[in-house]
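What follows is a short report on a single structure.
The values are calculated or read from the model by the stated rules, or taken from the named source; none is laboratory data. The structure presented is a predicted model; accordingly, all values stated were derived computationally and were not measured. Note: ideal-geometry Cβ built from the backbone for every residue, glycine included; neighbour counts use all protein chains shown. Side chains included, ligands, DNA and RNA excluded: accessible areas come from the protein's heavy atoms. Shrake-Rupley method; radii C 1.70, N 1.55, O 1.52, S 1.80 Å.
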Amino acid sequence: MKFIKFIKIMLKRCIVSIVSFLIILPTSLIFHTTSFESTIKIAKKISIFFLKILKKRFDLVNIFFISRKINRMLGIKSCFKICLSQKIIFSIFGYDVKIVSGVKKNEDHALDGHAWISYNSKPILEDNEIIEQYLESFTI
């Protein structure tokens with residue numbers, strides 16, 4: 001019985017990893033080949049398409065951490081690019097997440113921006129991710 005449960009968990013993680021990989025690469029390509037505005041519109045349309053046809057599957061937190069891990073493996077460091085791909089990945093698994101973008105002033109008074117994922121108005125963050133200093137500027 002434990003073995004079957006273990007196999008199911010591993011299969012789910014495998015599926016999330018494969019889906020993440022298959023979405024991150026084209027999303028990155030779209031980001032580099034279209035304008036910022038077009039990239040956002042395309043990501044929204046793809047996300048809406050999947051949300052209409054698919055139901056919630058798998059654990060939200062596992063999807064988050066697995067897709068983040070795949071982004072890191074592919075060398076993607078931009079928080080906004082990561083969030084764009086995650087928006088689509090989450091929609092494939094039935095979750096309507098938002099990308100929240102914020103700005104803050106650094107100690108040297110330069111502006112710094114950051115993007116993060118939010119679900120049901122609650123941020124989903126990595127352990128070292130601190131967003132309290134950021135003023136929310138827009139949501140996708």
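Please work out if residue 80 is assigned to a helix (DSSP H, G or I), at pLDDT below 90 and either touching a Ser or Thr at 6+ places or on another chain (Cβ under 8 Å) or buried (at least 18 other Cβ atoms within 10 Å of the Cβ) (or both). Give the steps one after another, and end with the answer.
Working: assigned to a helix (DSSP H, G or I): yes; at pLDDT below 90: no; either touching a Ser or Thr at 6+ places or on another chain (Cβ under 8 Å) or buried (at least 18 other Cβ atoms within 10 Å of the Cβ) (or both): yes.
Considered against the rule, which asks whether it is assigned to a helix (DSSP H, G or I), at pLDDT below 90 and either touching a Ser or Thr at 6+ places or on another chain (Cβ under 8 Å) or buried (at least 18 other Cβ atoms within 10 Å of the Cβ) (or both), residue 80 comes out as no.
Please state which one of 77, 87, 81 is basic (Lys, Arg) and out of contact with any helix residue (DSSP H, G or I) (no Cβ under 7 Å at 6 or more places or on another chain).
Values: 87 fails: out of contact with any helix residue (DSSP H, G or I) (no Cβ under 7 Å at 6 or more places or on another chain); 81 fails: out of contact with any helix residue (DSSP H, G or I) (no Cβ under 7 Å at 6 or more places or on another chain).
Result of the check over 77, 87, 81: 77.
If you check residue 64 against the conditions, is it in a strand (DSSP E or B) and either surrounded by fewer than 18 Cβ atoms within 10 Å (Cβ to Cβ) or in contact with a strand residue (DSSP E or B) (Cβ under 8 Å, 6 or more places away or on another chain) (or both)? Before you say what the answer is, go through the steps one by one.
Details: in a strand (DSSP E or B): no; either surrounded by fewer than 18 Cβ atoms within 10 Å (Cβ to Cβ) or in contact with a strand residue (DSSP E or B) (Cβ under 8 Å, 6 or more places away or on another chain) (or both): yes.
For residue 64, the condition - in a strand (DSSP E or B) and either surrounded by fewer than 18 Cβ atoms within 10 Å (Cβ to Cβ) or in contact with a strand residue (DSSP E or B) (Cβ under 8 Å, 6 or more places away or on another chain) (or both) - is not met.
Go through (1) without any contact (Cβ under 8 Å) to a residue 60 or more places away in the chain; (2) farther than 19 Å from residue 43 by Cα; (3) not small (Gly, Ala, Ser) one by one and return the number of the condition residue 119 breaks.
(2) is the only condition that residue 119 fails.
Could you list, in sequence order, the residues of the stretch 7-28 that are under 19 Å from residue 90 (Cα atoms) and free of Cβ contacts under 8 Å to residues at least 12 places away in the same chain?
Step one: of the stretch 7-28, the residues under 19 Å from residue 90 (Cα atoms) are 9-28.
Correct list: 9, 10, 11, 14, 18, 22, 26.
How about the stretch 83-103: which of its residues are open to solvent by 40 Å² or more (accessible area, probe 1.4 Å) and free of Cβ contacts under 8 Å to residues at least 40 places away in the same chain? I'd like the intermediate steps shown before the answer.
As a first pass, look at the stretch 83-103 and keep what is open to solvent by 40 Å² or more (accessible area, probe 1.4 Å): 96, 98, 103.
The one that is open to solvent by 40 Å² or more (accessible area, probe 1.4 Å) and free of Cβ contacts under 8 Å to residues at least 40 places away in the same chain: 103.
Within the stretch 28-60, how many residues are surrounded by 13 or more Cβ atoms within 10 Å (Cβ to Cβ), of a type in the set (Ser, Thr, Tyr) and over 15 Å from residue 140 (Cα atoms)?
Matching residues across the stretch 28-60 total 2.
Identify the residue in the stretch 104-140 that is of a type in the set (Val, Ile, Thr) and open to solvent by 30 Å² or more (accessible area, probe 1.4 Å) and, among all such residues, is farthest from residue 72 (Cα to Cα). Let's see the steps before the verdict.
Quick first cut of the stretch 104-140, residues of a type in the set (Val, Ile, Thr) only: 117, 124, 130-131, 139-140.
Next, only the ones that are open to solvent by 30 Å² or more (accessible area, probe 1.4 Å) stay: 130, 139.
On the way: 130: 18, 139: 23 Å.
This residue is 139.
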